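Read the structure below first, then the notes.
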Amino acid sequence: MTPCQCNPFLDARSTPEACLAAPLLQSLFTMTQPKRALITGITGQDGSYLSELLLQQGYEVHGIIRRTSTFNTDRIDHLYEDPHNEGVRLFLHYGDLCDGSTLRRILDKVQPQEIYNLGAQSHVRVSFDEPEYTVDAVGVGTLRLLEALRETQQRTGQEIRYYQAGSSEMFGKVMEVPQKETTPFYPRSPYACAKVFAHWQTINYRESYGLFACNGILFNHESPRRGETFVTRKITRALARIVAGTQKTLYLGNLDSKRDWGYAKDYVRAMWLMLQQDEPDDYVIATNTTYTIRQFLDVAFGYVNLDWQNYVEFDPRYLRPAEVDLLIGDSTKAQTRLNWKPSVTFEELVKIMVDADMRAIGLTPPGEGEALMHREAATVRQDSSVTVDVAN
Ligand code: NAP
Ligand code: GDD
């Protein structure tokens, strides 16, 4: 009998029947292995929530972090466990979207089944100050990652699904209200232009090479982990200090722009859902509601019985050379096809953030937001652990 040479799951004594069953055995083996995901931007707001979600789903999670002179892993430190322990499922690798050879090396080593490209210089105002860097990381960085993915997939023959973190900023000076997948883009900042480039590269790689690549067009999403210089967190953080008596004035820019604000934890679920579908596609993720910055201030300060007009002052340095005045999404496609919907309302989101910032500086918050958090909170599995795959 000729021994089977065609499959590593069979040994030399395998029968031809067993050889025929080999693909099935192989796929059973693959099914019992944890899925491996690679996340760029794992230290950011979304990266941290997505890591929690994937670990809860049983994934092995790999994240790319940048070398910094101070630690930048605050948002994922709660997932840390001694790397010498057994069962480690979260791994970090030093890398940068501006460094293509490192991206290739990481992909080669990790061989993920899913990649979530969340890394970005994500501050719109800052992108006017650092346009070249922003476009390099956000735009060309996406292209570098797609190329590394394409090459790895070609070499290994194993599909790698790709999620691109697109933005409602791409709609910019909006051509349609509300904005949906078919609304033309009109980007108004270096950041938004780079995201449009990344969006079309993702589609181009899907159509040219048959990659399973999806664009999420996500409207603003916030949380207690939101970066401190985005307007929502800037407000709730300042409010906590005002209540504590350690800050008197909050300086802001344009209070009239409107945003469709959702809860970040809901939004990372949508990212994951996109990669679990039979076909790759692009989806708007939004709450389909819109509020001005003034309305955010009303709800936040009103929640602790203060009048924001007594504390907020205008500072032109927070204006942008070009503003995006109105964003409101239509997420019907995601609601229908992904069965996704937001679980937190605007008022609830504001209360969650105010409570968290008050608690963070030792105050006792009103508590409505905390009650919601407890209701919504998904439990992070205790057994997840993290290790840095580099010499520190
Ligand atoms: P974020 O909190 O600003 O996090 C950005 C992440 O990207 C951080 O981990 C950051 O690392 C990393 N990063 C920055 N430059 C990088 C580079 N050159 N190479 C590799 N990584 C780099 O952003 P987020 O709110 O989580 O958003 C996640 C993604 O969704 C971003 O691409 C953002 O543009 C997009 N997006 C966000 C929203 C929103 O409302 N949050 C809406 C639409 C789209 P460090 O920690 O070292 O800085
Ligand atoms: N950051 C900031 N700081 N924004 C201010 C301030 C201020 O002091 N005062 C007023 N604003 C206004 C901005 O002019 C803008 O109209 C609005 O508040 C929201 O600003 P940000 O919170 O900085 O968010 P963004 O909408 O520009 O961008 C965020 O959402 C995008 C999705 O639409 C970021 O997360 C982007 O990365 C994301 O793509």
Worksheet item: By the gyration tensor of its Cα atoms, with a ≥ b ≥ c the square roots of the eigenvalues, what is the shape of the range 246-384: rounded for a/c under 1.5, prolate for a/b over b/c, or oblate?
Response: oblate
Worksheet item: Near Q309, within a Cβ-to-Cβ distance under 12 Å, what is the net charge of the other residues, with Lys and Arg +1 and Asp and Glu -1?
Response: -2
Worksheet entry | Part-to-part distance (alpha-carbon centres) for the range 126-162 and the range 57-99, which is given in Å | 19
Discussion item. So, for the chain, what is the accessible surface per residue at a probe of 1.4 Å, expressed in square angstrom?
Written reply: 47
Worksheet item: Going by accessible area, probe 1.4 Å, with all protein chains left in place, what is the ranking of V304, V110, largest first?
Response: V304, V110
Worksheet item: Relative contact order for the chain: what is it in percent, counting Cα pairs under 8 Å that are at least 6 residues apart?
Response: 19
Worksheet item: Given Q309, H78, G41, which one lies farthest toward the positive end of the charge dipole of the chain, if we put +1 on the Cβ of every Lys and Arg and -1 on the Cβ of every Asp and Glu?
Response: Q309
Worksheet item: Roughly how many percent of the accessible protein surface of the range 167-253 is carbon and sulfur, given a 1.4 Å probe and a whole-percent answer?
Response: 52
Practice prompt. With the full set of protein chains in place, find how many percent of the accessible area of the range 256-310 is carbon and sulfur; take the probe as 1.4 Å.
Written response: 38
Worksheet item: Given H placed 1.01 Å from N in the peptide plane, which residues other than close sequence neighbours of L326 have an amide H under 5 Å from its amide H?
Response: V174, K258
Worksheet item: Tell me, what are the semi-axes, in whole angstrom and largest first, of the equivalent ellipsoid of the chain as set by the roots of 5 times the Cα gyration tensor eigenvalues?
Response: 40, 24, 20
Worksheet entry | Inter-centroid distance (Cα atoms) of the range 230-253 relative to the range 207-228, Å | 28
Fill in: Charge dipole (debye, nearest 20) of the range 253-330; +1 at Cβ of Lys and Arg, -1 at Cβ of Asp and Glu
320
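The values are calculated or read from the model by the stated rules, or taken from the named source; none is laboratory data. Quantities reported herein were computed from a predicted structural model and do not represent experimental measurements. Methodologically, a virtual Cβ is constructed for each residue, glycine included, from the backbone with ideal geometry; neighbour enumeration extends over all protein chains shown. What goes into the accessible areas is simple: the full protein's heavy atoms, side chains included, and nothing from ligands, DNA or RNA. Shrake-Rupley method; radii C 1.70, N 1.55, O 1.52, S 1.80 Å.
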